[in-house]
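> The structure that follows is given in the form of structure tokens.
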Amino acid sequence: MRGTVLYAPGDVRFEERDDPKIIDATDAVIRTVATCVCGSDLWDYQGINLVEQPTPFGHEYVGIVEEVGDGVQNVRPGQFVIGSFFSSDNTCPHCKNGYQSNCLHREFVGAGGCQAEKIRVPLADGTLVATPVVPDEKYIPSLLACSDVMGTGWYAAVAAEVRPGDTIAVVGDGAVGLCAVIAAKELGASRIIAMSRHASRQKLAREFGATAVVAERGEDGVTRVKEMTGGIGADRVLECVGDERSMQQALRSTRPGGNVGFVGVPHDVTLDGTELFYSHVGLRGGPAPVRRFLPDLIDRVLSGRINPGKVFDLTLPLSEVAAGYSAMHEHRAIKTLLKP
């Protein structure tokens, strides 16, 4: 088969790789129907994360089950499935508590590289969710979004404890931030402030449910949110970037007693304990337990209630994956969908 390999910053290649095989009885092998480039992939592409050797890449996927191990009971060949970037048995104490991304037996599905024609998924029974039938092509982008960015945006809202009537601010206008707008609306927020400087993303944020847009960043962004909330701050802030400035902006935009849900992978983020202590702001975040939300999100997509697939504004053949990375790196695309 063929798949994506990152050799060095900016050096993405599409080349022949070994076909994935069943290793453990709980594995499944999937033929991908669609995969994509994630904003977090750009940390490595840009050299912010060190790449020491050629590495298979990608961690988002939907596809058709081709083969399962002898121990797999819940999925079968021929089914269309969506799964999380972390495998989970869905039975351990952490899974039962709703944190499948911290499963005691988790593996990073992306370790094998999901920007490929086929992938191996460990712990298939606890990781994959099958649709009732193979879905219509029109649903594929939104179902693919559920494998990460929609599930991650949803977790940002859940972690921040978004409630009906809340005022929400979303820091970050990438695919996760835009999906967090969807989540905030679905959970009943009455005001959703999207923090974005890009016209195309502002437009999509409003389409997804944002009631206002703030273009300012950093302390200027904090000031604008405070002005819009009578000097108080937002009830919940969803941090979807992962750098020092975005985290500070999120914390300082939140009212006392409010919460920040942070899902941007942190890079060089430090928090002042004294400032946090006196802010009365709560923090919760981490890798999204996407598996926890998949059945509900899939139902919302197939019923037409949400359409997160609109975050894909560039579709390319998988063989042109390098162009997809370049487009996102240069901000010519929000998110690239790849079709084998």
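The values are calculated or read from the model by the stated rules, or taken from the named source; none is laboratory data. Remember, predicted model here, so these are calculated numbers, not experimental data. No Cβ is skipped: glycine too gets one built from the backbone with ideal geometry, and neighbour counts run over all protein chains shown. Protein only, heavy atoms only, side chains kept; ligands, DNA and RNA dropped before computing areas. Shrake-Rupley method; radii C 1.70, N 1.55, O 1.52, S 1.80 Å.
> Please report the antiparallel percentage of the DSSP beta bridges confined to the chain, to the nearest 5.
In the chain, DSSP labels about 55 percent of beta bridges as antiparallel.
> Given the DSSP H assignment, sum -39500 (n - 2.57) over each helix run of at least 4 residues in the chain and divide by its residue total; what's the result at 222 nm in deg cm²/dmol, nearest 500?
The per-residue figure over the chain is -8500 deg cm²/dmol.
> Now a separate question. Taking a threshold of 20 Å on the Cα-Cα distance, which of the pairs Lys185/Lys339; Lys21/Lys335; Lys203/Lys310; Lys21/Lys339 fall above it?
The answer is Lys185/Lys339; Lys21/Lys335; Lys21/Lys339.
> Let me ask something else about it. About its Cα centre, how strong a charge dipole does the stretch 186-239 have in debye, to the nearest 20, once Lys and Arg get +1 and Asp and Glu get -1 at the Cβ?
Computed charge dipole of the stretch 186-239: roughly 180 debye.
> Relative contact order for the chain: what is it in percent, counting Cα pairs under 8 Å that are at least 6 residues apart?
With pairs under 8 Å counted, the relative contact order is 19 percent.
> Can you give the extra length, in nm with one decimal, that the chain gains between Ser200 and Ala215 once fully stretched, where that is 0.36 nm per residue apart less the Cα-Cα distance?
Residue separation times 0.36 nm, minus the Cα-Cα distance, leaves 4.1 nm.
> Taking a probe of 1.4 angstrom, what is the accessible area of Ile298 in Å², to the nearest 10?
It works out to around 10 Å².
> Express in whole angstrom the spacing between the alpha-carbon centres of the stretch 134-164 and the stretch 178-211.
Value for the Cα centre distance between the two parts: 14 Å.
> Also: I'd like the distance separating the alpha-carbon centroids of the stretch 219-245 and the stretch 42-108, in whole Å.
So the separation of the two Cα centres works out to 33 Å.
> Give me Rg over Rh for the stretch 276-340, both radii from the alpha carbons and Rh done the Kirkwood way, two decimal places.
The Rg/Rh ratio comes out at 1.15.
> What share of all Cα pairs of the stretch 162-252, in percent, falls into each consecutive 5 Å distance bin?
Histogramming the stretch 162-252 at 5 Å steps yields 3, 17, 30, 27, 18, 4 percent.
> Further question on the same structure: Once phi is turned into ³J(HN,Hα) by the Karplus curve 6.51 cos²θ - 1.76 cosθ + 1.60 with θ = phi - 60°, what whole-Hz value does each residue of the stretch 29-37 show in order, with x for glycine and proline?
10, 10, 8, 5, 9, 7, 9, 6, 9
> Suppose each label sits 7 Å from its Cα in the direction of the beta carbon; what would the Arg284-Arg13 distance come out to in nanometres?
So the label points at Arg284 and Arg13 sit 4.5 nm apart.
> Considering only protein heavy atoms, what per residue accessible area in square angstrom results for the stretch 1-155 with a 1.4 angstrom probe?
41 Å²
> If Val33, Val265 are ordered by their accessible area, calculated over protein heavy atoms with a 1.4 Å probe, which sequence runs from highest to lowest?
Val265, Val33
> So what J values fall out for the stretch 145-160 if you push phi through Karplus, 6.51 cos²θ - 1.76 cosθ + 1.60 with θ = phi - 60°, rounded to Hz, Gly and Pro as x?
4, 5, 5, 8, 4, 5, x, 6, x, 5, 5, 4, 6, 5, 4, 7
> Suppose all protein chains stay in the model; what accessible area per residue would a 1.4 Å probe give for the stretch 273-340, in Å²?
Per residue, the stretch 273-340 has an accessible area of 48 Å².
> Based on the inverse mean of 1/r over its pairs of different Cα atoms, what is the Kirkwood hydrodynamic radius of the stretch 1-110, in Å?
For the stretch 1-110, the Kirkwood estimate is 15.5 Å.
> Ignoring any ligand, DNA or RNA, what whole percent of the accessible area of the stretch 138-239 comes from carbon and sulfur when the probe is 1.4 angstrom?
Carbon with sulfur: 48 percent of the solvent-accessible area.
> Would you grab the residues whose amide H sits under 5 Å from the one on Ala34? Only those 5+ places off in sequence or on another chain, please, with H modelled 1.01 Å from N.
Val62
> In addition: What accessible area, in Å² to the nearest ten, does a 1.4 Å probe give for Ser303?
Ignoring ligands and nucleic acids, Ser303 comes out at about 80 Å².
> Over the C-alpha atoms of the stretch 57-101, what are the Rg and the largest Cα-to-Cα span, Dmax, in Å?
12.2, 31
> Per the 1.4 Å probe, what fraction of the accessible area of the stretch 34-75, in percent, lies on carbon and sulfur atoms?
C and S fraction of accessible area: 40 percent.
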